[in-house]
1. Which pairs have Cβ atoms under 8 Å, sit 6 or more apart or on different chains, and link a residue in segment 176-190 that is part of a helix (DSSP H, G or I) to one that is at pLDDT below 65?
2. Out of all the residues in segment 182-193, is one or more modelled with pLDDT of 90 or more and either at negative phi or of a type in the set (Ser, Thr, Tyr) (or both)?
3. Yes or no: Ser45 open to solvent by 80 Å² or more (accessible area, probe 1.4 Å), under 22 Å from the mean Cα position of the chain (by Cα) and either farther than 18 Å from Phe139 by Cβ or without any contact (Cβ under 8 Å) to a residue 24 or more places away in the chain (or both)?
4. Enumerate the helices (runs of 4 or more DSSP H) found wholly within segment 52-114, keeping only those where 2 or more residues are under 22 Å from Thr274 (Cβ atoms), open to solvent by less than 40 Å² (accessible area, probe 1.4 Å) and among the small types (Gly, Ala, Ser).
5. Only one of these is at pLDDT 60 or above, in contact with a helix residue (DSSP H, G or I) (Cβ under 7 Å, 6 or more places away or on another chain) and within 30 Å of Gly152 (Cβ to Cβ): Leu101, Leu35, Leu76, Leu44. Name it.
6. Go through segment 245-263 and give me each residue that's out of contact with any helix residue (DSSP H, G or I) (no Cβ under 6 Å at 6 or more places or on another chain) and part of a helix (DSSP H, G or I).
7. When segment 138-184 is examined, which residues are found to be among the aromatic types (Phe, Trp, Tyr) and either closer than 23 Å to Val258 by Cβ or surrounded by fewer than 22 Cβ atoms within 10 Å (Cβ to Cβ) (or both)?
8. Return the pairs, sorted by first residue and then second, in which the second residue is outside any helix (DSSP H, G or I) and of a type in the set (Phe, Trp, Tyr), the first residue lies in segment 246-263 and is in contact (Cβ under 8 Å) with a residue 40 or more places away in the chain and open to solvent by less than 30 Å² (accessible area, probe 1.4 Å), the beta carbons are less than 8 Å apart, and the residues are 6+ apart or on different chains.
Amino acid sequence: MQRELLRASHQRQTKTLTNNLAHQHKVLANQQASLLTDEQWCRLSNIINVYDSKSPVSHIQTFLSSQAKQPMKLRLKMAKTNILEIITSLYQGITPFLKVLPEFRSMEKHDQCQLIERNLSSVGGFNGIIVFRESGVTFSEAFQNGFPLLYGSNIVEDSITIARRTDSDFTLIKLLIPVILFSTANSLTDANEQYRLASSNSIFFHSRILFDIQNIYADILFKYLIYRFGYFEASMRFAGLIKSFLDQSMCVMRADSVQVHEQLMKTVVSKTETALVIHDELENANVS
């Protein structure tokens with residue numbers, strides 16, 4: 001009889017403890033919801049809206065749809081050319097997004113070009129995880145036939161594996177893109193036998209300014225993660241996003257050893273810088 005009373009008492013204590021923990025979690029969640037200021041919520045909303053409006057997904061879907069209407073023999077013959085067209089659209093799609101970010105717009109033209117040269121390759125590659133998913137590129141013949149021919153099966157397998165492991169919440173990936181865009185050095189280089197971050201001579205000249213800008217967007221992302229998932233899961237997801245970006249950067253670095261891709265990136269960077277200059281001249285003309 002006494003044993004039954006002890007068991008009942010233990011069950012009541014366990015239930016009370018569980019209820020208290022649930023209540024504390026709810027209170028904490030309500031507190032966390034206010035971590036983002038109104039200004040940060042506005043920035044967050046703008047990032048997502050601008051990204052969606054400037055994304056090359058629609059263009060790539062239209063391109064794939066038109067290619068699907070071609071005869072099978074022609075599609076196979078054009079597979080490499082088509083995948084290069086898609087990848088070019090992917091990297092060029094970063095520029096319209098960049099141009100509307102206020103911190104980027106306020107930079108000197110030389111600094112903008114430095115940032116493009118340094119980070120476009122790795123950021124564009126990471127952005128490809130979203131674009132390829134949303135546009136259905138990985139199911140296309142251009143990808144399945146052209147991508148291995150161009151980059152080799154190992155890079156293809158690694159890129160697919162990384163994409164599968166990357167957080168499926170697109171909002172988180174979109175919010176991370178400004179964080180890595182405003183990095184002093186995203187490029188990875190092969191230093192003889194080991195991988196390392198790009199050498200110090202490639203670090204952005206105004207590194208302190210860039211660090212402050214990056215902190216603005218990192219703060220928004222992490223507070224949003226806490227708001228959505230609580231601190232512990234936010235930390236795990238943030239670490240997972242960074243790991244996915246680094247893994248993808250390694251893939252991009254290996255792709256840079258492919259001559260066609262290297263030339264493609266030089267062309268995209270050059271056209272991007274030219275577009276920035278033209279955009280700046282047009283804005284100045286409109287002001288005057």
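1. Partner pairs satisfying both residue conditions: Ile180/Asn186.
2. yes
3. So Ser45 fails the test.
4. none
5. The unique qualifying residue is Leu76.
6. Leu246, Met250, Met253, Gln259, Val260, Glu262, Gln263
7. Initial filter on segment 138-184 (among the aromatic types (Phe, Trp, Tyr)): 139, 143, 147, 151, 170, 182.
Phe139, Phe143, Phe147, Tyr151, Phe170, listed by residue number.
8. Met253/Tyr195
The values are calculated or read from the model by the stated rules, or taken from the named source; none is laboratory data. None of these values were measured; they are calculated from a predicted model. Cβ coordinates were reconstructed from backbone atoms using ideal geometry, including for glycine residues, and neighbour counts include every protein chain displayed. Surface areas here come from the heavy atoms of the whole protein model, side chains and all, with no ligands, DNA or RNA. Shrake-Rupley method; radii C 1.70, N 1.55, O 1.52, S 1.80 Å.
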